[in-house]
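Scroll down for the structure; my scribbles are underneath it.
Each value in this text was obtained by applying a stated rule to the coordinates, not by laboratory testing. In this text the structure is predicted, and so the values were computed from the model without any measurement. All Cβ positions, glycine included, derive from the backbone under ideal geometry; neighbour counts span all protein chains shown.
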Amino acid sequence: MSQQQIQQIKSVIAQLQQGDLPLDSAFDACMPMDVRRHTSTHFTPVEVAVEAAKFLCGGQHTKPKILDVGSGMGKFCLVGGAMFEQAHFTGVEQRKSLCGVADQLLDNSGLNNVGFLCGNIMNVRFADFQGFYLYNPFYEHLQPFSAMDESIDLDADYYEIYCGFVRKQLQALPKGSRVVTYFGGGEEIPLNYDLVNQAFNNDLKCWQKR
Ligand SMILES: C[S@@+](CC[C@H](N)C(=O)[O-])C[C@H]1O[C@@H](n2cnc3c(N)ncnc32)[C@H](O)[C@@H]1O
């Protein structure tokens, strides 16, 4: 990262910690050019991330652990971590290049309540978390033209496998567990979750286990 980008991520985090909302373009300025081009289609807008994190941190746990399923360059976790210092945010991401960007941003953010795992969601134990964020992570398997790049195998079968895995994990969690989905048809959400709130033209959906 350049000195300018390091200053930029520090400034974005400081704004969030003061309760201000940085522009998405301010976040973009922290990223390499080849990652920046995906912002509008693949990374959560700041104001959406704030609402999602508010719901996920507003449950019965005083120190909730939140998982971003497919965390990209880490935007949701960094926003959440800056705003909710009592919570812990973990992002899991399969694209190594994005994991590298997320780690660099985190290293320069000063946050100690965020972590990133580089790997596949199938290797994560959902029982270790109380809140989950999903920005339509498996859609690219249904619509390969929407994919960020060709670094992973795209196959419609993976969509069913990943959604089924997430659904099964969520189904087994304790009552009160919370999930936020942004876009997508809710295929990952088991029937024992209630839809308790919607926002941003109903693209953001808040779910809670009965
Ligand atoms: C739409 S982006 C959302 C990024 C981030 N959550 C955000 O809101 O800014 C979805 C991400 O999920 C990742 N992803 C998709 N399937 C995955 C899997 N099986 N395991 C880990 N990451 C995955 C993709 O590589 C992509 O970066």
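Here are the numbers for the structure shown:
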item	result
Using a Förster distance of 30 Å, the FRET efficiency for Asp153-Lys65 (Cβ separation, nearest 0.05)	0.50
Unpaired by the 4.7 Å Cβ criterion, cysteines found in the chain	Cys30, Cys57, Cys77, Cys163, Cys206
Kirkwood Rh, Cα atoms: Rg over Rh of region 1-83	0.97
Region 3-209, relative contact order in percent, only Cα pairs under 8 angstrom and at least six apart counted	18
Beta bridges per DSSP with both ends in the chain, % antiparallel, nearest 5	40
Cβ-based charge dipole, the chain, positive-most Cα from Trp207, Gln15, His42	Trp207
Theoretical FRET efficiency, 1/(1+(r/R0)^6), r = Cβ-Cβ of Asn120 and Gln15, R0 22 Å, to 0.05	0.10
Residue-averaged 222 nm ellipticity for the chain, from DSSP H runs of 4+ at -39500 (n - 2.57), nearest 500	-10500 deg cm²/dmol
Aspartates and glutamates whose Cα lies under 18 Å from that of Lys175, excluding same-chain neighbours fewer than 8 positions away	Asp128, Glu188, Asp194
Per-residue Cβ neighbour rank within 10 angstrom, fewest leading, Ser177, Ser11	Ser11, Ser177
Rg ratio (alpha-carbon, reference 2.2 N^0.38 Å) - the chain	0.96
For peptides 12-24, 178-190, 104-116, sequence by mean Cβ density within 10 Å, most packed first	178-190, 104-116, 12-24
